[in-house]
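The values are calculated or read from the model by the stated rules, or taken from the named source; none is laboratory data. A quick note: this is a predicted structure, and the numbers were derived from the prediction, not measured. Because the Cβ atoms are built from the backbone with ideal geometry, glycine has one as well, and the counts that use them run over all protein chains shown. Please note that ligands, DNA and RNA were not included when accessible areas were found on the heavy atoms of the full protein model with its side chains. Shrake-Rupley method; radii C 1.70, N 1.55, O 1.52, S 1.80 Å.
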Amino acid sequence: MNIILNYVFLIVILVASIGQMLSRDWRWSLGFLGAQYLGVFWYIQTIWPINLAIVKLISGLIVCIALATSQKSTTSFSNPETSWPQGYLFRFLAAALIVLATLAIAPPTSTWLGVSNTIGTWASLLLMGIGLLQLGITTQPLRVIIALLTLISGFEIIYAFVESSALVAAMLVLINLGLSLVGTYLLSTDNVENIN
Amino acid sequence: MSAPIIWIIIPFVIGFILWLIPNERLVTWLGIGISALFAVSAWILPIETPISLGNWSMKISTTMSILGRNLILSSTDQPLIIFFYLSLCFWFISSSLAGSTNKLIPYGFLILTLLISALAVEPFLYAALLIEIAVLVSVPLLKPAFIPPGRGLMRFLAFQTIAMPFILFSGWLLTGITTGPEELSLISQAAIFLALGFVFLMAIFPFNTWIPLLTEETHPSSVVFILWIFPTIGLLFGLYFLDTFSWIRDSIYLPVILRSSGLLMIVTGGIWAAFQKNFKRMMAYAVIMETGYSLLALSIKGTLGIDLFFGLLVPRTLTLFLWALALAIISKNTSSTQFSKVKGFGRKYPFSATVLILSHLSLAGVPLLAGFPIHQALWEQLGIISLTGAIWYAIASIGLFMGGIRSLAVLVAPSNERFIIKENWPQRIFLSIGILILILLGIFPQWVSPLLSSFPLMFSHLGR
């Protein structure tokens, strides 16, 4: 049953990570990000106690809500990209390359790390790859924050497989929440005190 | 009472309290006074030695435990604490003279204490997390209100965040090596992850593109603090790894890697500086070169390399903060810091222009200025190891020097305006003191040697 669910959540992560990259509407992107955290929670709970793993899901959902509050209800992504091809096809092909590359390196990575859950390793590498890809093709603040959160989510899965420190988990949660706060700050151009 | 409570927790709490106070003048004075007080306390108070005041006695311990992890500050760390708080105080004074608002001060305390705790935490893998938290805290310092974030800030955030997973992961691999020395196959893997982590963390070429962008986007007073503190802490964190793991320290490849990356940074920085037409970006290239010089110093084996590394710290700090103040004063009165927009500004801002040029030339290693003695020593040592490296070093320094001469030409260019000094008296006095310090440190570098000689003692293997 667990193996089937591993595959189900791999599909969830696959769809969510590619979906948030392709999406042009922030609502969809944040929705996909939320679904992504569900997948992250699933893989982490296979190693950690569920009461600790659930923290990842809850913090992930808080992150999504915090970022959603910073968006104006009528806007899609502001500040359209100018420097890279922005078509769906380009993004989809780039994401497909990441999917194939991570599929190829997931089994040796699992062996190297001594992780029995190869599907989880693939999900982790996939998220890190998509996060890096997004960082490479965007400068739009919300997209950058989502990409960083995706990258960290992927890292959190693989790190949970090898390290079970609750304090590290807590600090990673803090960093996730901090990133969302930073995102909220960066996206709000008013109601902030002038520092400089 | 423990040392981490005094020099990490209390300043951190003070940072929060200052953030809540709306009175700008009060916050400025409190920030300057409190940072100076922490520097003096680190100088006076002994650690692990009983202090008697009449019938009352106390001892400051080295360790503070938080959830099973330790923050450790020993007496060998005190010189560094003095240096950091004195630098913070200097930055507060210069930024208040530059007309920055009071919010720099709480952020300064928060960022500095987080980064000191990154150096003090055991086990060390938590340091990467603390540095990342400091990066997040620094974002409000770097984004001016009402202006959308620029590409430099987004890249800074991205690159610094990418560093964290690499360092955390290498930390996990290094733990495996520590517990089982026979697992030497892990060494190369750990080294790759560690190197990638530090390349991002210290903005080593080619991941330093955010520095010129960020410098152009942000107020000089804000950005200079970030460009000073993060590379410094990153380099010290790297030294900690060298000190702890003998296989890194003794690697035959390490000096070559450090020298190559250092040279690459100073040469690219120098060449870009030579052709630069923007005062803010010029400072950014000098900062990039400074990280390169530090890497070059570390590539020199033995205690000499460490001495050179620490020798660069004081002149760099003074010079960068003075440069930023001068730049802030000049840029406040112009829409852009492009050369074409500030032609002849030396007539209106003679003190700022002088400091700007002297700071620039000091970092280029021009004789009789603060940067000269240590740059000359570094160049000499590099020449002993690699003549080619020394030639590239000279080319890079000439590049930065040319940038300085071009800046001078722009600032003193003929203009229709009359010679009227527009700096206020506090600015004139502080900048004059800055000029004096830059020259005196060039002539009498031994004045800071008592502080510099005690820095390497914080490491058990490198500094002895």
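Out of B:Ala297, B:Ala364, B:Ala390, report the one residue that is in contact with a Phe, Trp or Tyr (Cβ under 7 Å, 6 or more places away or on another chain), without any contact (Cβ under 8 Å) to a residue 12 or more places away in the chain and closer than 30 Å to B:Leu462 by Cα. First the steps, then the outcome.
Working: B:Ala297 fails: without any contact (Cβ under 8 Å) to a residue 12 or more places away in the chain; B:Ala364 fails: without any contact (Cβ under 8 Å) to a residue 12 or more places away in the chain.
None of the others qualify; the one that does is B:Ala390.
When the helices (runs of 4 or more DSSP H) confined to region A:84-196 are screened for residues that are surrounded by fewer than 24 Cβ atoms within 10 Å (Cβ to Cβ) and more than 11 Å from chain B (Cβ to nearest Cβ), those reaching at least 3 such residues are found at A:88-113, A:118-137. Candidates in region B:414-440 are the residues that are β-branched (Val, Ile, Thr) and part of a loop (DSSP other than H, G, I, E, B); of these, the one that is surrounded by the most Cβ atoms within 10 Å (Cβ to Cβ) is B:Ile421.
Only one of these conditions is not met by A:Ser73: (1) under 18 Å from A:Ile137 (Cβ atoms); (2) modelled with pLDDT under 90. Which number is it? Exception for A:Ser73: condition (1). Residue pairs whose Cβ atoms lie under 6 Å apart, separated by 6 or more positions or on different chains, with the first residue in region B:216-231 and within 12 Å of another protein chain (Cβ to nearest Cβ) and more than 13 Å from B:Ile288 (Cβ to Cβ) and the second in a loop (DSSP other than H, G, I, E, B) and not charged (D, E, K, R), are B:Glu217/B:Gly150; B:His219/A:Asn196; B:Ser221/B:Ala98; B:Ser221/B:Ser100; B:Ser222/A:Asn196. Of the residues in region B:102-118, at least one is of a type in the set (A, V, I, L, M, F, W, C), in a helix (DSSP H, G or I), at pLDDT below 90 and open to solvent by less than 10 Å² (accessible area, probe 1.4 Å).
Can you tell which of B:Leu186, B:Leu173 is within 22 Å of A:Ala160 (Cα to Cα), touching a Gly at 6+ places or on another chain (Cβ under 6 Å) and modelled with pLDDT under 90?
Numbers: B:Leu173 fails: touching a Gly at 6+ places or on another chain (Cβ under 6 Å).
Of the residues listed, the single one that is within 22 Å of A:Ala160 (Cα to Cα), touching a Gly at 6+ places or on another chain (Cβ under 6 Å) and modelled with pLDDT under 90 is B:Leu186.
Residues of region B:20-60 that are buried (at least 16 other Cβ atoms within 10 Å of the Cβ) and of a type in the set (Phe, Trp, Tyr): B:Phe38 alone.
One residue stands out among those in region B:60-88 that are more than 21 Å from B:Ser453 (Cα to Cα) and without any contact (Cβ under 8 Å) to a residue 40 or more places away in the chain: the one that is nearest to the other protein chains (Cβ to nearest Cβ), which is B:Leu67.
Rundown of residues vs (1) open to solvent by less than 10 Å² (accessible area, probe 1.4 Å); (2) facing chain A (nearest Cβ under 9 Å); (3) not in a helix (DSSP H, G or I), yes/no style:
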| position | (1), (2), (3) |
| --- | --- |
| B:Leu129 | yes, yes, no |
| B:Glu132 | yes, yes, no |
| B:Val139 | yes, yes, no |
| B:Arg155 | no, yes, no |
| B:Ala163 | yes, no, no |
| B:Trp172 | no, yes, no |
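Against the numbered list (1) open to solvent by 40 Å² or more (accessible area, probe 1.4 Å); (2) farther than 30 Å from B:Thr62 by Cα; (3) in a helix (DSSP H, G or I), B:Gly403 comes up short only at (1).
Residues that are within 16 Å of A:Ile175 (Cα to Cα) and within 11 Å of another protein chain (Cβ to nearest Cβ) within region B:101-126 comprise B:Leu125, B:Tyr126, listed in sequence order.
Considering only residues in region B:329-361 that are of a type in the set (D, E, K, R), assigned to a helix (DSSP H, G or I) and in contact (Cβ under 8 Å) with a residue 12 or more places away in the chain, the one that is surrounded by the most Cβ atoms within 10 Å (Cβ to Cβ) turns out to be B:Arg347. Being within 14 Å of another protein chain (Cβ to nearest Cβ), small (Gly, Ala, Ser), within 19 Å of B:Ala324 (Cβ to Cβ) and open to solvent by less than 10 Å² (accessible area, probe 1.4 Å): is that true of B:Ala98 here? Judged against the criteria, B:Ala98 is a match.
At negative phi, aromatic (Phe, Trp, Tyr) and surrounded by 15 or more Cβ atoms within 10 Å (Cβ to Cβ), is that true of B:Phe92? Here the answer is yes, as B:Phe92 does meet what is asked.
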